[in-house]
Amino acid sequence: MTENELHISVPKGYFDNLKDRLSQIPVQQRVSLWEKVRPYVALAACFAISVTAGTFLLNRTAPQAESYYDYLAAADMIPVTDPFDILNATDSSEEELSSSEIVDYLIETGFTEDQLVDVYSE
Amino acid sequence: MTEKEILDVFNSGQHERAFNAIVESYSERLYWVVRRFVNSHEDTDDLLQDIFVKIWTALPSFRGEAQLYTWLYRIALNEALNFLSRQRVRAVLQFKSLDEEMERRIDEDPYFNGDEAERTLSKAIARLPAKQKTVFLMRYYDDLPYEEIARITGTSVGSLKASYHIASEKIREDLKNFTLDF
């Protein structure tokens, strides 16, 4: 035992043990700082997990927005002509060409007069 | 390590090394300061832990206006006096007095090795009001000059001398049957 002029003592080796314990205070204080912020970090982590999980579930369950290319691919299936026009169409709507229209067409495509005479004389 | 060396180490950024030097140099002295006030080894041990946590926390704010030991002593003294205030409230709630509680502690202290005169002296000191107890303990056991006590306690030298005189008279009265010098 260590004794002083107060006639009081301490357990043997107490001061060595005390110094060892007190020297740990800076380390303990660093841990304590983590202990203090840990609830806030946990709260932030819960929020981040909730947002991530919510976004994931929404993406899984909500209908996907069509892309522009998907729209183009589907365009082939969209009828350009009104189906009622097709049903109501009759052969009488087709006009027959007159002989003068045929001659004009042939001249425009490069037929000469001799060739035209040959065609019509056959 | 001297006070100046400790402060140089701290100012160079080696805070933990400076703190460990304070622990090495002053923990034992501060133990006895607190022990005289609270009369219990276990409570002193608990208080020292709190005191050194405060020292570690407040060390960056120490500007060196006072001597390091004066600053450390003030922290220890405040903790000890706050402990006694809490003990006084606790005693009142248990329909006792702090004096009774302190006398019980001295009687039951397994680490007390003094004779009856020393025990009576300890009890007489324990019965003193906080200011008288503070100045008496600092003068009688630490042999501190009044100027140093004034710096630690933040009171005037004249007031301290008056308190010491009153405390001495009370203790002399309690010890009239013994031969102790103080």
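The values are calculated or read from the model by the stated rules, or taken from the named source; none is laboratory data. What you see is a predicted model; the values in this text were computed from it and never measured. Cβ sites come from the backbone with ideal geometry, for glycine too, and all protein chains shown count toward neighbours.
General observations
- Counting only helices (runs of 4 or more DSSP H) that sit wholly inside the stretch B:8-113, those with at least 1 residues that are within 19 Å of the chain's Cα centre (by Cα) and more than 26 Å from B:Asp143 (Cα to Cα) are B:41-58, B:68-93, B:98-108.
- Failed condition for B:Leu81, given (1) within 16 Å of A:Ser23 (Cβ to Cβ); (2) touching a helix residue (DSSP H, G or I) at 6+ places or on another chain (Cβ under 6 Å): (1)
- Residue that is nearest to B:Gln132 (Cα to Cα), among those in the stretch B:22-51 that are touching a residue at least 60 places away in the same chain (Cβ under 8 Å) and at the interface with another protein chain (Cβ under 8 Å from one of its Cβ atoms): B:Arg36
- Looking only at residues of the stretch B:103-149 that are in contact with a His (Cβ under 9 Å, 6 or more places away or on another chain) and of a type in the set (Ser, Thr, Tyr), we find that the one that is nearest to the other protein chains (Cβ to nearest Cβ) is B:Tyr111.
- Residue identified as within 17 Å of the chain's Cα centre (by Cα) and either buried (at least 18 other Cβ atoms within 10 Å of the Cβ) or over 20 Å from B:Thr44 (Cα atoms) (or both) among B:Ile166, B:Ile125: B:Ile125
- Look at (1) more than 12 Å from every other protein chain (Cβ to nearest Cβ); (2) surrounded by 20 or more Cβ atoms within 10 Å (Cβ to Cβ); (3) not hydrophobic (A, V, I, L, M, F, W, C) and you find that B:Ser85 fails only one, number (2).
- Check on B:Ala80, closer than 19 Å to B:His41 by Cα, modelled with pLDDT of 90 or more and not β-branched (Val, Ile, Thr): yes
- Answer residue from the stretch A:6-41, given it is at the interface with chain B (Cβ under 7 Å from one of its Cβ atoms) and not in a helix (DSSP H, G or I) and is modelled with the lowest pLDDT among those: A:Leu6
- Selection status of B:Phe62, within 14 Å of chain A (Cβ to nearest Cβ) and more than 26 Å from B:Ile125 (Cα to Cα): no
- Selection within the stretch B:1-21 - β-branched (Val, Ile, Thr) and either at the interface with chain A (Cβ under 9 Å from one of its Cβ atoms) or over 17 Å from B:Tyr73 (Cα atoms) (or both): B:Val9
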